[in-house]
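Participant: For reference, the structure I am asking about is given below.
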Amino acid sequence: MTEKISFNNRLNMLISNKSSFLCIGLDPDIDKIPAHLKYEKNPLNIFTEKIIEATKDLVVAYKANMAFYESESINGLETLQNLCTLIPKDVLLILDGKRGDIENTARKYVKAYFSDMNADAITINPYMGYDSVKPFIQDAQKGVFILALTSNPGANDFQNLQVGKDSLYQYVARKALEWNKNNNCGLVVGATDMEGFEIIRHTTPDLPILVPGIGAQGGDMEKVIQIGRDRAGTGMLINIGRDILYASDGKDFAEKAREKAQYYIKEMTRLVHTSWNYI
Ligand code: NUP
């Protein structure tokens with residue numbers, strides 16, 4: 001009998017066991033992949049397979065952003081379906097679709113992502129409220145990362161608005177805590193607003209945080225390592241997409257992606273040892 005363990009516990013165990021926070025963003029972009037692959041029947045699929053093959057022993061998780069697959073029609077969907085079968089058992093698969101809809105529709109997303117594609121977690125847009133999130137958090141083994149403070153400039157439009165004494169992003173973080181009854185809720189917090197990041201970490205000292213914005217978006221990894229971990233020193237995934245995927249545009253792309261991933265892991269380890277845990 002397989003032991004049932006909540007998503008957040010599994011995530012933290014994997015972070016501990018691997019001494020790493022690395023999540024590679026699987027965002028294969030047809031305009032950026034190496035030219036020699038473009039003659040293949042499904043270039044996206046070959047690229048994704050090679051990247052997974054070269055890095056699967058290094059990562060805690062992969063995050064596949066649905067847009068990069070949906071935008072390539074049948075080739076994209078075939079790639080997405082295939083990649084779901086290539087993820088090792090000790091690596092988490094997060095599908096980044098930022099979903100959020102009425103309950104009846106949300107249940108269809110649950111079927112697609114958690115049952116058919118067997119993802120471990122997905123990203124959620126909380127704007128439609130609890131009933132739109134509920135279907136995703138019924139099964140403790142499956143997790144959600146709820147958008148709280150995103151890495152883009154438009155984060156300012158709504159997320160920083162005051163709601164009573166809180167900023168909206170802080171209010172969302174409190175809601176995620178309230179919804180975390182099955183120990184399977186986490187937050188998305190970008191690496192581009194460290195003041196907001198710190199406030200969220202104080203509000204939710206132990207919720208897992210998925211952190212985009214390192215690498216191509218210029219976020220500060222040292223600061224993220226310093227303030228992003230939970231009280232046990234785990235509770236955080238640092239997502240890096242383009243900076244690893246496109247480390248080389250030659251035939252050595254997978255090898256170079258591996259080297260870049262190794263560089264980031266080494267850097268994370270160094271920063272853990274040279275920084276103090278903030279919480
Ligand atoms: O706030 C967010 N910022 C962000 O970049 C929330 C996200 N989900 N993302 C996603 O993370 C983005 O869509 C992309 O899939 C990934 C960042 O990739 P990169 O900048 O490391 O290439």
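Participant: Can you list residues from other chains, or at least 5 along the same chain, whose modelled amide H is less than 5 Å from the amide H of G25?
Facilitator: Residues meeting the amide H criterion: K63, I240, G241.
Participant: Another question about this same structure. Can you list which of the trypsin sites (Lys or Arg not before Pro) found in segment 179-279 are DSSP loop residues with at most 14 other C-beta atoms within 10 Å? Write down the numbers at each step before the final one.
Facilitator: Working: sites: K181, R201, K223, R229, R231, R242, K251, K256, R258, K260, K266, R270; in loops: R229, R231, K251.
Those satisfying the criteria are R231, K251.
Participant: Report for segment 38-196 the percent antiparallel among DSSP-assigned beta bridges with both residues inside it, nearest 5.
Facilitator: If I count the DSSP bridges inside segment 38-196, around 10 percent turn out antiparallel.
Participant: So how do 206-216, 163-173, 67-77 stack up, highest first, on mean other-Cβ count within 10 Å?
Facilitator: Packing proxy ranking, top to bottom: 206-216, 163-173, 67-77.
Participant: Here's another thing I want to ask about it. Could you give the length gained by full extension between D249 and C84, i.e. 0.36 nm per residue of separation minus their alpha carbon distance, to one decimal place?
Facilitator: That works out to 56.9 nm of additional length.
Participant: Compute for segment 208-263: radius of gyration divided by Kirkwood radius, i.e. Rg/Rh, restricted to C-alpha atoms, rounded to two decimals.
Facilitator: 1.06
Participant: How much length is gained if the chain between S16 and D116 is pulled fully straight, taking 0.36 nm per residue apart and subtracting their Cα-Cα distance, in nm to one decimal?
Facilitator: Once the chain is fully extended between S16 and D116, it gains 33.1 nm.
Participant: So how far, in whole Å, is the C-alpha centre of segment 177-235 from the one of segment 95-117?
Facilitator: Spelled out, the Cα-based centre of one part sits 24 Å from the other.
Participant: Given segment 28-163, what whole percent of its Cα pairs are spread farther than 25 Å? Working shown, then result.
Facilitator: Details: 3207 of 9180 pairs.
That fraction is 35 percent.
Participant: Output the antiparallel fraction of DSSP beta bridges having both residues in the chain, as a percent to the nearest 5.
Facilitator: Numbers: 2 of 31 bridges.
That works out to approximately 5 percent antiparallel.
Participant: May I ask you to compute the full-extension gain from E49 to H202, defined as 0.36 nm times their residue separation minus their alpha-carbon distance, rounded to one decimal in nm?
Facilitator: Numbers: separation 153, 0.36 × 153 = 55.08 nm, distance 3.88 nm.
Full extension of this stretch gives 51.2 nm more.
Participant: For segment 61-129, what is the relative contact order in percent, using Cα pairs closer than 8 Å and at least 6 residues apart in sequence?
Facilitator: On the way: 79 pairs, mean separation 23.9, N = 69.
Reported as a whole number, the value is 35 percent.
Participant: By a straight-distance test (C-alpha under 23 Å), which lysines pair with K165 as possible cross-link partners, with residues fewer than eight away in the same chain excluded?
Facilitator: K165 reaches K175.
Participant: I'd like the FRET efficiency for Q262 and I102, computed as 1/(1 + (r/R0)^6) with the beta carbon distance as r and R0 of 41 Å, rounded to 0.05.
Facilitator: In this case the efficiency is close to 0.40.
Participant: Add -39500 (n - 2.57) for each DSSP H run of 4 or more in the chain, then divide by its residues: what number comes out at 222 nm, to the nearest 500 deg cm²/dmol? Working shown, then result.
Facilitator: Numbers: 12 runs with 114 residues, N = 279.
Mean residue ellipticity, 222 nm, calculated: -12000 deg cm²/dmol.
Participant: Here's a follow-up. For R231 and D31, what is the calculated FRET efficiency with R₀ set at 35 Å and r taken between the beta-carbons, to the nearest 0.05?
Facilitator: 0.25
Participant: Same structure, new question: Calculate the dipole size of segment 19-114 relative to its Cα centre from +1 charges on Lys and Arg beta carbons and -1 charges on Asp and Glu beta carbons; express the result in debye to the nearest 20.
Facilitator: Charge dipole of segment 19-114: 220 debye, to the nearest 20.
Participant: For a footprinting-style exposure proxy, rank C84, C23 by other Cβ within 10 Å, fewest first.
Facilitator: Values: C84 16, C23 23.
Neighbour counts put them in this order, fewest first: C84, C23.
Participant: Run through all the Cα pairs of segment 123-279 and give the fraction in each 5 Å bin from 0, expressed as whole percent.
Facilitator: Reading the bins upward from 0: 2, 9, 17, 20, 18, 15, 11, 6, 2, 1, 0.
Participant: What are the chymotrypsin sites (Phe, Trp or Tyr not before Pro) within segment 186-279 that DSSP puts in a loop, where the Cβ has at most 16 other Cβ atoms within 10 Å?
Facilitator: Sites meeting the loop and neighbour criteria: W276, Y278.
Participant: Now a separate question. Using packing as a proxy for protection, rank 183-190, 111-118 so that the peptide with the highest average count of other Cβ atoms within 10 Å comes first. Intermediate values should be presented prior to the final figure.
Facilitator: Values: 183-190: 26.0, 111-118: 15.2.
Highest mean packing first, the order is 183-190, 111-118.
Participant: Given R₀ = 35 Å, what would the calculated FRET efficiency be for M128 paired with K56, taking r from the Cβ atoms and rounding to 0.05?
Facilitator: Working: r = 35 Å, r/R0 = 0.99.
That pair, M128 with K56, gives E of 0.50.
Participant: Plugging the Kirkwood radius over Cα pairs into Stokes-Einstein for the chain, at a temperature of 4 °C and a viscosity of 1.567 mPa s, what D comes out in µm²/s?
Facilitator: Details: Rh = 18.9 Å.
In µm²/s, the coefficient rounds to 69.
Here, each number is a calculation from the coordinates, and none is a lab measurement. Note that the structure is a prediction, hence the values are computed from the model and not measured. Cβ coordinates were reconstructed from backbone atoms using ideal geometry, including for glycine residues, and neighbour counts include every protein chain displayed.
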